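Notes for the one structure printed next.
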Amino acid sequence: MSGEDLYAKVMELAKRRGFFWPSYEIYGGVAGFYDFGPLGSLLKQKIINKWRRFIVRNHSNYVVEIETPIIGPSKVYEASGHVENFTDPIVTCLKCGRKFRADHLIEEKLGIDAEGLSPEEMTRIIREHGLRCPVCGGELGEVKLFNLLFPTQIGPYEGNKGYIRPELAQGMFVAFKRVLETMRGRLPLGIAQIGRVGRNEISPRQAMMRLREFTIMEMEYFIDPEDEEGSCPFYGRVKKETLRVRPYKAKEAGEPPREYTVEEAVDAGIIIHKCMAYWMVIGKRFLESLGVPPENMYFEEKGPHERAHYSSQTFDQMVKVARWGWVEVAGYSYRGDYDLSRHMKYSGQDLTVFKPYEKPRTVKVRKVILDRAVIGRTFKSEAKKILEEASKLPEEKLEAMASGKEEPIIAGKRIPREAFRIVEKEVKITGRKIVPHVVEPSFGTDRIVYVAFEYAYREKAGRTILSLPRDIAPIEAGVVPLVEKDEKLREKARQLYEILVEAGYHVVYDESGSIGRRYARLDEIGVPAVFTIDYQTLEDGTVTMRDRDTWRQVRLPLEETPAALRRFLYEAADITELGIPVEGTGEE
RNA sequence: GCGGCCGUCGUCUAGCCUGGACUAGGACGCCGGCCUUCCAAGCCGGCGAUCCCGGGUUCAAAUCCCGGCGGCCGCACCA
């Protein structure tokens, strides 16, 4: 089957059976938005819960999940750099309509550094130098700003601008201090969040691959930049594992991705931090558990110009899909201290973490101070101003004045020599304040749902089977009576249905059409196991359990079904371990 | 946003070039009935389409023309 065909079939199934479809269809649709239907939203929930298990629960000593608002005040996104960097100056050719980055065009054609210029200034430069469209030679219009942030207004006052978050990260950075406090001030600390974000893409395409509103699963992993070892206590567990990586240099040289052991990639500096490598391994395992084979996945490093403004290294986790080839499903960025530093600056809050030394250190500190008594006596009412000015001067400057290397003039007054005092004292330092660095794995949920769905698509004997990993199947089990007519079978089947629902499963009961048709219907929506009530059930209380993927059946006592289902769904049990095989069932 | 191709029941599609007998046909699915003791059997009946939206040309538009919206591909864009 070609990629085109597979994509078409997958989308057809998705729409027909209610997994997902384009939003606002009755009004003609709006590009970049998708609905999840009944089965799709269940599937998405299961994938999200699996992510929780991989990222949060398996690291619950270090990683916690929070939830923060979708709308944020302007200030937050000024601090994060999105207001500035998420905005592109765009100029449109009046003739052919092509759009160009105005600053890039000016720099490229005229050699003028246009970064940070206003749109008016750029328009003026374009007019003065007679710049024209580089493609068709047409006249260029005015430079306009285009920002990918969705703007909104908070409350009734127009000045109170807000934005829909373009990523989850700022929620974690802004709440960092309080979360750190509740986690008793220790690093490393991972703060995870799952939620919707909005990016006003210029022209979204590729179905669910590029949306204007989508769900991200993200974690900010805060670490002490000087303690790589302590930051990644789990590193030892994964260092022998392999990752397929394509470093930026290899990409430039046109080389394909290569397999590295984690240790190798870290030691060679290909991955700049152990924590990056660790979370990449977790991400790899996560996608594998959703049905993506290792050979259809690799990590691609982004080049300096392709990276976001905050990142010093970024890897994209790429997965192969039928129609578009390699698509990015997750990103791993080393954000350094960029965000916390910016928020410290913009908010004026101290977001540092205190790291105690193992033993307090004593250091001798030499300090130049002004004798308040002398200053006061000498300058009377001027004294306050002088002391104020003096406190702003750097230590070296005071030192120079005290030692006579520089004229001792402060606030326009000559300070008498005896006002300078040099004190030496011992100070006990119990630790240091650090601005944590951040490693950020970030997953595009909707793309991942699509990927899992596509990889599950199978055709067998003219039928469609949605062979989802059992633990993410939206409906966990089916219950069917062998024939529709027989009231005794139906009653027994409804009983079993109740038992399974009571045990916490998501079950469908289906009695319409022939038995084969029902199996087919359930295969198509990926139900891993179907229990059938037949005439033997009425005699000995056993039912058959059918495996979606092999069509093999086993027979087991009705009351054992909840436990068997558990083993089947979550412990990867083979169907044949769960009961007595039924003769003549299985693949044709 | 430009250029190319495209838009018809839930889904896939016929019809469009050459306007009228189209009350828009079929298949699959779905619903009801009959039948049915393990893999989409069969029979009967039913529901289901403002032919993407708006305008124009014409006695007459699913069909021709214009504009918009949406989809895919290429260019640009994708922090």
Spatially proximal aspartates and glutamates relative to residue A:428 (Cα-Cα < 17 Å; intrachain offsets below 8 disregarded): A:358
Virtual spin-label span in nm between residue A:272 and residue A:227, 7 Å along Cα→Cβ: 2.2 nm
For chain A: relative contact order, % (alpha-carbon pairs under 8 angstrom, 6 or more apart): 12 percent
Folded to 0 to 90 degrees: helix A:561-570 orientation relative to chain A principal axis, Cα: 40 degrees
Extension reserve of the residue A:144-residue A:582 stretch, reckoned as 0.36 nm per residue once the Cα distance is removed: 150.6 nm
Within straight-line cross-link reach of residue A:161, lysines at Cα separation under 24 Å, skipping those fewer than 8 residues along the same chain: A:75, A:144, A:345
Most to least packed among A:563-574, A:272-283 [average Cβ atoms within 10 Å]: A:272-283, A:563-574
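Any chance you could run the full-extension gain for residue A:249 through residue A:49? It's 0.36 nm times the residue separation minus the Cα-Cα distance, nm to one decimal.
Numbers: separation 200, 0.36 × 200 = 72.00 nm, distance 3.63 nm.
So the chain would gain 68.4 nm between residue A:249 and residue A:49.
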Computed label-point distance, nm, for sites residue A:205 and residue A:372 using a 7 Å Cα→Cβ extension: 7.1 nm
When each of A:9/A:485; A:50/A:355; A:44/A:460 is checked by Cα-Cα distance, pairs over 28 Å: A:9/A:485; A:50/A:355
All lysines inside 16 Å of residue A:397 as judged from Cα atoms, apart from same-chain residues fewer than 8 positions distant: A:367, A:405, A:413
Of all accessible heavy-atom area on chain A, the percent that carbon and sulfur account for (1.4 Å): 49 percent
Efficiency of FRET from Cβ geometry, residue A:520 and residue A:357, R₀ 56 Å, rounded to 0.05: 0.25
Karplus 3J(HN,Hα) series, Hz, for the stretch A:318-332 with 6.51 cos²θ - 1.76 cosθ + 1.60 (x for Gly, Pro): 9, 10, 7, 10, 4, 8, 10, x, 7, 10, 7, 10, 7, x, 10
Gain in span if fully extended, residue A:153 to residue A:101, counting 0.36 nm per residue against the direct Cα distance: 16.0 nm
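In debye, nearest 20, what is the charge dipole magnitude of chain A about its Cα centre with +1 on Lys and Arg Cβ and -1 on Asp and Glu Cβ, if you could check? Display every interim value, and only then the final one.
Details: 90 positive and 91 negative charges, 434 e Å.
Charge dipole, chain A, about its Cα centre: 2080 debye, nearest 20.
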Residue A:337 accessible area, 1.4 Å probe, all protein chains in place, Å² to nearest 10: 60 Å²
Global form of the stretch A:458-568, assessed from the alpha-carbon gyration tensor, a/c cut-off 1.5: oblate
Inter-site label distance for residue A:397 and residue A:120 at 7 Å from Cα along Cβ, in nm: 3.6 nm
Exposure of residue A:240 as accessible area (Å², to 10), given a probe of 1.4 Å and all protein chains: 140 Å²
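Take every DSSP beta bridge whose two residues both sit in the stretch A:475-582, then give the antiparallel share in percent to the nearest 5.
60 percent
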Whole-number accessible area per residue in Å² for the stretch A:429-499, which is evaluated in the context of all protein chains at 1.4 Å: 36 Å²
The stretch A:257-316-the stretch A:1-76 distance, computed between alpha-carbon centres (Å): 23 Å
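The values are calculated or read from the model by the stated rules, or taken from the named source; none is laboratory data. Computed from a predicted model, the values in this text were never measured in an experiment. We place every Cβ from the backbone using ideal geometry, glycine too, and count neighbours over all the protein chains shown. What goes into the accessible areas is simple: the full protein's heavy atoms, side chains included, and nothing from ligands, DNA or RNA. Shrake-Rupley method; radii C 1.70, N 1.55, O 1.52, S 1.80 Å.
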